[in-house]
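All remarks here apply to the structure that follows.
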Amino acid sequence: MKIVLILPRGGIYRRKTGAFPIFIRYSPLTLPSLVSLLPKEIDIDIKTYDEGVEDIDKEKIEADLIGITCVTGAAPRAYAYADYFRSRGIKVVMGGVHATLLPDEAAKHVDAVITGLANETWPQLIRDFKAGQMKKLYAASDDLSYAGWPDPVRSINKGKKFISINSIQATYGCTNRCEFCVTPYTCKDYKHRPIEDVIRELKNIRGKYVEFVDPSPIEDVEYAKKLFRAMIPLKKKWVGCATTRIGFDDELLDLATKSGCKGLLIGFESVTQNNLNRISKGFNKADKYYELVDKLHKKHIAIMGCFVFGLDTDQKDVFKNTVDFVNKANIDLPRYTVNTPFPSTGLFARMKKENRLLTKFWAMYDAQHVVIKPKNMTAEELQKGHHWAWKKTYNWKFIIKRLAHARSFTGVLLLANYAYRHYGRSLPRYDRKEMEKDLKI
Ligand code: SF4
């Protein structure tokens with residue numbers, strides 16, 4: 001049986017590598033995990049394509065079954081692929097974040113939809129397909145076991161232009177419910193894999209550096225502490241996500257550091273406490289941000305700081321205030337998004353009810369394009385302010401100032417800042433017209 005797996009990407013994420021020989025991006029875990037779950041008893045010829053790093057020559061693809069996985073921003077392109085392959089008589093299945101959020105919509109373009117984690121459903125679907133009994137919907141069961149998973153087949157990404165293929169995940173979902181976040185809707189419970197499984201997998205990963213892709217790994221503090229303790233002897237170096245809570249549990253931060261933590265993506269989201277409270281992220285304490293950054297830098301941990309513009313209490317000065325904070329605090333790698341109501345979320349329902357949705361063209365739901373009417377400015381002001389913040393932040397003067405305080409990964413951070421400078425400057429050119437071109441696969 002021939003199976004082809006495709007991860008489509010929006011145009012801005014298919015840009016060339018520019019001055020670099022590789023992309024400053026690690027490989028996602030989805031395709032390696034799906035390959036690891038192929039039923040052993042079936043003879044399968046598998047090929048995978050990640051459009052973030054490689055082109056797809058669709059006419060040359062031959063398959064019995066095509067699997068497509070995507071986030072909302074890539075959904076229109078994913079549907080274009082699905083429609084094309086079905087027009088050639090190939091069966092298509094879709095899973096991933098968008099199909100989980102909108103299974104009925106996805107079902108219009110594919111033969112079968114997988115919602116939630118595919119650990120049990122994907123192998124079952126393949127068996128059913130072989131038996132000529134593929135169903136239309138495969139939903140993850142609530143009692144999915146998180147133990148004994150096979151290692152993702154990372155070797156499928158060997159030779160592709162990723163900066164690293166050593167992604168790993170220990171926890172799924174999140175205990176928090178930040179209003180803009182899609183995680184609680186795609187994975188309802190907060191679950192974790194057994195620590196011994198994660199450690200075994202880490203031991204099998206070649207090389208010193210790994211990336212944890214968990215959206216929220218430290219919210220079960222006791223689990224996180226146990227995992228970090230068990231990681232210490234491995235002497236790996238890792239990057240991953242954390243909430244700001246990591247700064248206020250000294251034992252947790254100490255163990256993270258000892259386990260090899262070198263970089264954290266942290267959702268600061270807003271420099272205004274009122275905003276944080278309104279989006280159910282009141283556990284972030286805006287008045288403690290400087291202290292947190294300082295603490296992490298002292299532990300030689302680099303910070304990718306994420307901020308959202310266009311929250312309901314944001315005024316027009318939000319852009320300047322945020323950029324000032326980022327530069328003053330010396331955030332190593334700042335990232336900006338605009339408030340985006342992903343379909344089927346509570347925020348989407350609220351925006352719809354308040355008649356504030358500007359479009360349902362999903363390609364624009366990439367968190368870089370304004371898709372709602374903000375409260376205290378126009379949509380144009382929000383979009384322009386967002387572009388201004390990217391440009392101002394990635395001005396060389398500020399890059400150098402911030403990186404003068406970096407204590408780890410300085411070479412990588414310089415490259416990443418350069419890549420983000422390019423990305424931020426490209427954003428204004430990547431408008432709706434460009435996105436519509438993207439539908440031509
Ligand atoms: S803490 Fe992070 S992962 Fe959890 S809901 Fe908030 S933004 Fe999402």
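Can you tell me which residue within the range 191-207, out of those that are in a loop (DSSP other than H, G, I, E, B) and modelled with pLDDT of 95 or more, is nearest to the ligand (Cβ to nearest atom)?
193
Checking residue 21 against (1) closer than 30 Å to residue 338 by Cβ; (2) modelled with pLDDT under 95: exactly one of these is not met. Which one?
Just one mismatch for residue 21, condition (1).
Across the range 240-278, which residue is farthest from the ligand (Cβ to nearest atom) among those that are of a type in the set (Asp, Glu) and over 11 Å from residue 299 (Cβ atoms)?
The selected residue is 251.
Identify all residues within the range 72-104 that are in contact (Cβ under 8 Å) with a residue 40 or more places away in the chain and out of contact with any strand residue (DSSP E or B) (no Cβ under 7 Å at 6 or more places or on another chain); write none if there are none.
Across the range 72-104, the qualifying residues are 72, 73, 74, 75, 76, 77, 80, 84, 97, 98, 101, 102.
I'd like to know if the range 312-327 contains one or more residues that are surrounded by 23 or more Cβ atoms within 10 Å (Cβ to Cβ) and within 13 Å of the ligand (Cβ to nearest atom).
no
Out of all the residues in the range 279-292, which are within 15 Å of the ligand (Cβ to nearest atom), touching a residue at least 24 places away in the same chain (Cβ under 8 Å) and out of contact with any strand residue (DSSP E or B) (no Cβ under 9 Å at 6 or more places or on another chain)?
280, 283, 285, listed by residue number.
It is to be established whether one or more residues within the range 369-377 are β-branched (Val, Ile, Thr), modelled with pLDDT under 95 and buried (at least 18 other Cβ atoms within 10 Å of the Cβ).
Taking every residue of the range 369-377 in turn, none turns out to be β-branched (Val, Ile, Thr), modelled with pLDDT under 95 and buried (at least 18 other Cβ atoms within 10 Å of the Cβ).
Looking at the range 105-121, I want the residues that are on the phi > 0 side of the Ramachandran plot and have a partner that is among the small types (Gly, Ala, Ser) with Cβ atoms under 8 Å, at least 6 apart or on another chain. Which pairs are those?
Sorted first by the residue in the range 105-121, then by its partner, the pairs are 116/139; 116/140.
Can you tell me how many residues within the range 333-377 are in contact with a Lys or Arg (Cβ under 9 Å, 6 or more places away or on another chain) and outside any strand (DSSP E or B)?
Residues in the range 333-377 being in contact with a Lys or Arg (Cβ under 9 Å, 6 or more places away or on another chain) and outside any strand (DSSP E or B): 20 in total.
What pairs come out if I take residues in the range 176-198 that are farther than 21 Å from residue 71 by Cβ and pair them with residues that are among the aromatic types (Phe, Trp, Tyr) and away from the ligand (no atom under 13 Å from the Cβ) whose C-beta lies under 9 Å away, six or more apart or interchain?
As it stands, the answer is 192/146; 192/223; 193/146; 193/149; 194/146; 195/223; 197/146; 197/149, since those pairs meet every condition given.
Which of (1) modelled with pLDDT of 95 or more; (2) within 16 Å of the ligand (Cβ to nearest atom); (3) of a type outside the set (D, E, K, R) is the odd one out, the single condition residue 186 does not satisfy?
Of (1) modelled with pLDDT of 95 or more; (2) within 16 Å of the ligand (Cβ to nearest atom); (3) of a type outside the set (D, E, K, R), only one is false for residue 186: (1).
What pairs come up if the first residue lies in the range 204-232 and is over 15 Å from residue 248 (Cα atoms), the second is within 16 Å of the ligand (Cβ to nearest atom) and part of a helix (DSSP H, G or I), and their beta carbons are under 8 Å apart, counting only those six or more places apart or on different chains?
Matching pairs, first to second residue: 215/183; 216/183; 217/224; 228/252.
Considering only residues that are surrounded by fewer than 17 Cβ atoms within 10 Å (Cβ to Cβ) and touching a helix residue (DSSP H, G or I) at 6+ places or on another chain (Cβ under 9 Å), look in the range 411-425 and name the one that is farthest from residue 337 (Cα to Cα).
If we take residues in the range 411-425 being surrounded by fewer than 17 Cβ atoms within 10 Å (Cβ to Cβ) and touching a helix residue (DSSP H, G or I) at 6+ places or on another chain (Cβ under 9 Å), then 414 is farthest from residue 337 (Cα to Cα).
Out of the range 176-188, which residues are surrounded by 21 or more Cβ atoms within 10 Å (Cβ to Cβ) and not in a loop (DSSP other than H, G, I, E, B)?
186
If I ask for residues that are more than 16 Å from the chain's Cα centre (by Cα), crowded, with 20+ Cβ neighbours inside 10 Å and either of a type in the set (Phe, Trp, Tyr) or within 16 Å of the ligand (Cβ to nearest atom) (or both), which ones from the range 129-175 would you list?
129, 138
Output the residues belonging to the range 42-69 that are part of a helix (DSSP H, G or I) and in contact (Cβ under 8 Å) with a residue 24 or more places away in the chain. Step through it out loud before you land on a result.
In the first step, residues of the range 42-69 are kept if they are part of a helix (DSSP H, G or I); the result is 58-60.
Passing the criteria: only 58.
So which of 224, 230 is away from the ligand (no atom under 14 Å from the Cβ) and either under 22 Å from residue 96 (Cβ atoms) or in the same structural domain as residue 366 (by TED's automatic domain parsing) (or both)?
Of the residues listed, the single one that is away from the ligand (no atom under 14 Å from the Cβ) and either under 22 Å from residue 96 (Cβ atoms) or in the same structural domain as residue 366 (by TED's automatic domain parsing) (or both) is 230.
Being at pLDDT 95 or above, within 22 Å of the chain's Cα centre (by Cα) and farther than 27 Å from residue 367 by Cα, is that true of even one residue in the range 36-54?
yes
The values are calculated or read from the model by the stated rules, or taken from the named source; none is laboratory data. Keep in mind that what you see is a predicted model, and the values were worked out from it rather than measured. Using ideal geometry, Cβ is built from the backbone for each residue, glycine included, and neighbour counts are taken over all protein chains shown.
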